[in-house]
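Trainee: Can you keep this structure in mind? I'll have questions shortly.
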Amino acid sequence: MKIRTALLATALVSFAPAAVFAQSRPWLADRAYGEGMGIRTGDLELHPAVAGEIGYDSNYFQRSGEAGLPLDNPIYSAAVFRLTPSLTLSTLSAQRRLGDTGDVTPQKLNFRAGLNASYNELVGTGGGYDFSQQRHIDGGANFHLDVLPMRPWGADILGNFMRSVQPSNDPAATSAWNRQTFRLGVGTTWRPGGGLFEWRVGYDFYYNYFEQPVFQTFNNAQHSVNTRGRFKFLPRTAVIYDAQTLFVRYGAANPVRNDGNIIQARLGLNGLITNHFALMALAGWAASYYEPTAAPVRANFDSVVGQAELKWYILPQPKLLPGAATVGLSSISLGVIRDLTNSYLADYYMRNRVYSSFSYFVGGRYLVDVQAGYSQISHPAFQRGGQTITGANENRVDAQIFTEYRMTDSFGVNATLRYDASLSNYYLPIVDAAGANRGQDNLAFRRFTGFLGVRWFM
């Protein structure tokens, strides 16, 4: 094996596989963009879709391109073709039930499930690298069952699976960060007083599995005991609360990772200020408790966390209630978030992020979706190759524009442009499988991707 540690901070800093997979495919992330009228079959509706795209990736392995480093020369670019079929299945929407029967009574059972996959074919555009090693299929499946929604007592169960393909900056296919993530969650909700007050208590189980043997020391199980509540003290404004305790376990035989617990609680407000402006503000505290079970260095977090977001709805929303779905509404938002996440480099990383978004859907035909953000990512002390590293810090920027024109109610043409960059020249020691130091790797990179595509959907 050529290396054990390639681009840990860059490759692993954002381990949310569903989000990573869907961020360049907005129709998978937001059903208001992805679904058409659907096909009704009894009390269910189906939404099949298929998308084909051709594009370009300027820096597939996210390398800095700096000469003289073991892994950073040269940068490889590729032409990319991807084909993405998807299917969602759900109980009838409120709009369809109202149109068919005039019934607006909440159903006793709401169910929704989805399935998607994406075949990716890559062809090198220079440099002599054989990109046939990188062809792959990623995708996932999910379901959500809500029992007795809007009743005094209710329950829910959810699950999802995601296969995410992500190369390290070593082009060897055996060094890829390909992983599978499983999640299963259950919860119960109490809604006394007609829904003015709502409280949910739940449990979620996650398992993260790395496909390449060299990275399987990162395999871990996570258990989350969580709760959230809402008290609607004004017609369009609510006090909100959330908290969780997360238990991270790598297994007794793991030689390099520390087990740990993360506790977090936040309190705030969410609601409309006017018919055009909405504000969400949460503040709280998080603390981690990592034990030195394997790694020679451990670190813990104990500080403020929170999120604030101001959103302007281009069209007024007089009936929008706190906590209601806002998918598909034309809006502009600006926000800031500070959070804590389990890490595969040090024990955890802390993120301060400023972000903005613009979404505009005109007449059901023309969609523009713009997302951008700047993040400061900080890792505490850790050990690599016998060296104690005082910390790894990155400054990252990301921006994406997605636009689609729907020629008919079920066919559209689209374009996606995305830019990602790590602006920090941070040099990380490279350690091989025997533990020997093989030099340094610069975590900085710049990457541009662009796609043109067509999509059929129902």
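Trainee: If each of I137 and V297 carries a label point 7 Å out from its Cα toward its Cβ, how far apart are those two points in nm?
Mentor: 4.2
Trainee: What chymotrypsin sites (Phe, Trp or Tyr not before Pro) does the range 129-175 have in DSSP loop regions with at most 16 other beta carbons within 10 Å?
Mentor: Hits after loop and neighbour filter: nothing returned.
Trainee: From a point 7 Å beyond the Cα of N261 in the direction of its Cβ, which residues of the range 234-249 have a backbone N at a distance under 12 Å?
Mentor: The answer is 245-248, whose backbone nitrogens lie closer than 12 Å to the label point.
Trainee: Separate question: What full-extension length gain, to one decimal in nm, is calculated for Y241 and F197 as 0.36 nm per residue of separation minus the Cα-Cα distance?
Mentor: My answer for the length gained is 14.7 nm.
Trainee: Let me ask another. Accessible area per residue of the range 160-249 at 1.4 Å probe, in Å²?
Mentor: Using a 1.4 Å probe on heavy atoms only, each residue of the range 160-249 averages 42 Å².
Trainee: Right, next: Measure off 7 Å from each Cα along the Cα-to-Cβ vector at A117 and V304, then give the distance between these two points in nanometres to one decimal.
Mentor: Each label point is offset 7 Å from its Cα along the Cβ direction, giving 4.9 nm.
Trainee: Put a dot 7 Å past each Cα toward the Cβ at H223 and T188; how far apart are the dots in nm?
Mentor: Label at T188, label at H223, 1.9 nm between them.
Trainee: Right, next: Principal axes first, then extents: for the Cα atoms of the range 121-253, list largest minus smallest coordinate on each axis, whole Å, largest first.
Mentor: 67, 39, 24
Trainee: From Cα pairs below 8 angstrom and at least 6 apart in sequence, can you work out the relative contact order of the range 105-197, rounded to a whole percent?
Mentor: Computed over the range 105-197, the figure is 25 percent.
Trainee: Per q in 0.13 1/Å, what log10 I(q)/I(0) does a Debye calculation on the alpha-carbon atoms of the range 168-311 return?
Mentor: With no solvent term, the Cα-only Debye profile gives -0.78.
Trainee: Subtract the Cα-Cα distance of Y207 and Y419 from 0.36 nm times their separation in residues, and report this length gain in nm to one decimal.
Mentor: That works out to 73.3 nm of additional length.
Trainee: Tell me, what is the 1.4 Å probe accessible area of V304, in Å² to the nearest 10?
Mentor: We get 70 Å² for V304.
Trainee: Mind checking the dipole of the range 213-305: about its Cα centre, +1 per Lys or Arg Cβ, -1 per Asp or Glu Cβ, Debye to the nearest 20?
Mentor: Computed charge dipole of the range 213-305: roughly 340 debye.
The values are calculated or read from the model by the stated rules, or taken from the named source; none is laboratory data. These numbers come from a predicted model, not from an experiment. Methodologically, a virtual Cβ is constructed for each residue, glycine included, from the backbone with ideal geometry; neighbour enumeration extends over all protein chains shown. Accessible surface is based on the protein model in full, side chains and every heavy atom, while ligands, DNA and RNA are left aside. Shrake-Rupley method; radii C 1.70, N 1.55, O 1.52, S 1.80 Å.
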